[in-house]
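Visitor: Once you've had a glance at the structure underneath, I'll fire off some questions.
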Amino acid sequence: MPEKPPTIFVVDDDPSARRGLKRLIGAAGWEVETFDSATNFLAAGRTDRPGCLVLDVKMPEMTGPELQEALAKMSCEMPIVFLSAHGDVRTTVRAMKHGAVDFLTKPVDAKDLVAAIRESLARDAAERARRAACTAFTEQLRQLTQREHEVMTFVIAGLLNKQIATELGISEETGKVHRGRVMQKLRVESVAELVRQCAVVGIRPAGMRERPASSA
């Protein structure tokens, strides 16, 4: 099923600000939803939708930075553009440190806001693509046999077929077969690509077993 088009979620307790932002953002061609509080935004259950937040800083009940913290605890990585009527350096630095795309001062310049939203949507699309790729790779990993998984961990450690065969007590030819099946099942074209994919999903390279020192 194709993913829904992105939505710009405007959260601001000022009705006139919400109306103005909705017109401005809508005129740029994006779908817009507005909320008069951070709690109402959370209650609407939109945190899994593609898009970004245009978020006022000072609001009753829950402030913009508090909503940012709440979303982080939910592992929601929706990009945020903050808006504030008062330039607060401390708040700005904190918001940016926690991943905000931009911090704009009201009354906001239309070009600056549109540019910040475009950057936000690009970040959101890239992150969603990364998560989708991780999910697909994880599913492919389930197709590996236990032996193929073992071989894979030695491959990403940089071992050659002969070394892998020695480590696992199998013939070099058998090791080559397993290696080929790993590459085929995981749909990767190179060891470098396999290393990158494994790193993303947290698979660590195997370590070589210590060998007893040979007697003189």
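Please treat every number below as a calculation from the coordinates, not as lab data. For clarity, every value in this text was computed on a predicted model and none was experimentally measured. Note that each Cβ is placed from the backbone with ideal geometry, even for glycine, and that neighbours are counted across all protein chains shown.
Visitor: Using the crude model of +1 on Lys and Arg Cβ and -1 on Asp and Glu Cβ, and no other charge, please compute the dipole size for region 143-201 relative to its Cα centre, in debye to 20.
Guide: That gives region 143-201 a dipole magnitude of about 140 debye.
Visitor: Convex hull volume of the Cα atoms in region 143-201, per residue, in Å³?
Guide: Details: hull volume 4.3 nm³, N = 59.
Taking the convex hull of the Cα positions in region 143-201, it is 73 Å³ per residue.
Visitor: Pick from ASP13, ASP102, ASP112: which is most flexible by mean-square fluctuation in a GNM of the chain where alpha carbon atoms under 10 Å apart are linked?
Guide: So, out of ASP13, ASP102, ASP112, the one fluctuating most is ASP112.
Visitor: If I fit a long axis through the Cα atoms of helix 110-141 and take the longest principal axis of the Cα atoms of the chain, what angle between them do I get, 0 to 90°, rounded to 10?
Guide: Roughly 30 degrees, rounded to the nearest 10.
Visitor: If I take R0 = 35 Å and measure r between the Cβ atoms of THR174 and ALA129 in this structure, what FRET efficiency does the formula 1/(1 + (r/R0)^6) give, to the nearest 0.05? Mind showing how you got there, number by number?
Guide: Numbers: r = 37 Å, r/R0 = 1.05.
Once rounded, the FRET efficiency stands at 0.45.
Visitor: Please report the orientation-averaged projected area of region 1-44, defined via the convex hull of its C-alpha atoms, in nm². Present the calculation step by step, with values, prior to reporting the outcome.
Guide: Details: hull surface 13.9 nm².
Over all viewing directions, region 1-44 projects a mean Cα-hull area of 3.5 nm².
Visitor: Give me the angle, in degrees from 0 to 90, between the Cα long axis of helix 146-155 and the longest principal axis of the Cα atoms of the chain, rounded to the nearest 10.
Guide: 80
Visitor: Follow-up. Short version: ³J(HN,Hα) in whole Hz for each residue of region 30-38, in order, from phi by Karplus 6.51 cos²θ - 1.76 cosθ + 1.60 (θ = phi - 60°), x for Gly and Pro, what are they?
Guide: 3J(HN,Hα) across region 30-38, in whole Hz: 9, 6, 10, 10, 10, 9, 8, 7, 5.
Visitor: Extension gain ARG23-MET74, at 0.36 nm per residue separation less the Cα-Cα distance, in nm?
Guide: Values: separation 51, 0.36 × 51 = 18.36 nm, distance 3.01 nm.
In short, 15.3 nm is gained.
Visitor: For Rg/Rh (Cα atoms, Kirkwood Rh), the listed values are [x] 1.10; [y] 1.20; [z] 0.95; which was obtained by calculation from the structure presented?
Guide: Here the calculated entry is [y].
Visitor: Taking only Cα atoms, what is the 0 to 90° angle, nearest 10, from helix 15-27's long axis to the longest principal axis of the chain?
Guide: Helix 15-27 sits roughly 60 degrees off the main axis of the chain.
Visitor: Right, next: Compute for region 7-131: radius of gyration divided by Kirkwood radius, i.e. Rg/Rh, restricted to C-alpha atoms, rounded to two decimals.
Guide: Values: Rg = 13.1 Å, Rh = 14.3 Å.
In region 7-131, Rg relative to Rh is 0.92.
Visitor: Additional query: So what are the ³J(HN,Hα) numbers for region 89-105, from phi and the Karplus equation (6.51, -1.76, 1.60; θ = phi - 60°), rounded to whole Hz, Gly and Pro as x?
Guide: Residue by residue, region 89-105 yields 4, 4, 5, 4, 4, 5, 5, 5, 4, 8, x, 4, 6, 7, 9, 10, 9 Hz.
Visitor: When the helix-only estimate is applied to the chain (DSSP H runs of n ≥ 4, each -39,500 (n - 2.57), divided by the residue count), what is the mean residue ellipticity at 222 nm, nearest 500 deg cm²/dmol?
Guide: Values: 9 runs with 113 residues, N = 216.
After summing the helix terms and dividing by the residues of the chain, the value is -16500 deg cm²/dmol.
Visitor: Follow-up question, since we're still on this one. Please give the charge dipole size of region 61-204, origin at the Cα centre, charges +1 on K and R Cβ atoms and -1 on D and E Cβ atoms. Round to the nearest 20 debye.
Guide: On the way: 21 positive and 19 negative charges, 74 e Å.
In total the dipole reaches around 360 debye.
Visitor: Based on a Kirkwood Rh over C-alpha pairs, give the Stokes-Einstein translational diffusion coefficient of region 77-156 at 37 °C and viscosity 0.692 mPa s in µm²/s.
Guide: For the chosen part, D equals 209 µm²/s.
Visitor: Where the centre of each part is set by its Cα atoms, how far does region 1-40 sit from region 156-195, in angstrom?
Guide: Each part's Cα centre sits 51 Å from the other's.
Visitor: Let me ask something else about it. Under the Karplus relation 6.51 cos²θ - 1.76 cosθ + 1.60, θ = phi - 60°, what is the ordered set of whole-Hz ³J(HN,Hα) values for region 42-51, x standing for Gly and Pro?
Guide: 5, 5, 6, x, 9, 5, 9, 7, x, x
Visitor: Please label the shape of region 133-177 as rounded, prolate or oblate, based on the square roots a ≥ b ≥ c of the eigenvalues of the alpha-carbon gyration tensor (a/c under 1.5 means rounded; beyond that, a/b larger than b/c means prolate, else oblate). The partial results should precede the final answer.
Guide: Numbers: a/c = 3.11, a/b = 2.07, b/c = 1.50.
Taking the square roots of the gyration eigenvalues as a ≥ b ≥ c, region 133-177 is prolate.
Visitor: So, counting K/R as plus one and D/E as minus one, what does the shell of residues with Cβ under 14 Å around HIS178 add up to?
Guide: Numbers: positive: ARG147, LYS162, LYS176, ARG179, ARG181, LYS185; negative: GLU148, GLU150, GLU167, GLU172, GLU173.
My count for the surroundings of HIS178 gives +1.
Visitor: Next question. For ASN40 and ARG147, calculate 0.36 nm times their separation in residues minus their Cα-Cα distance, and state this gained length in nm to one decimal. Don't jump to the answer; show the numbers that get you there.
Guide: On the way: separation 107, 0.36 × 107 = 38.52 nm, distance 5.11 nm.
Taking ASN40 through ARG147 to full extension adds about 33.4 nm, to one decimal.
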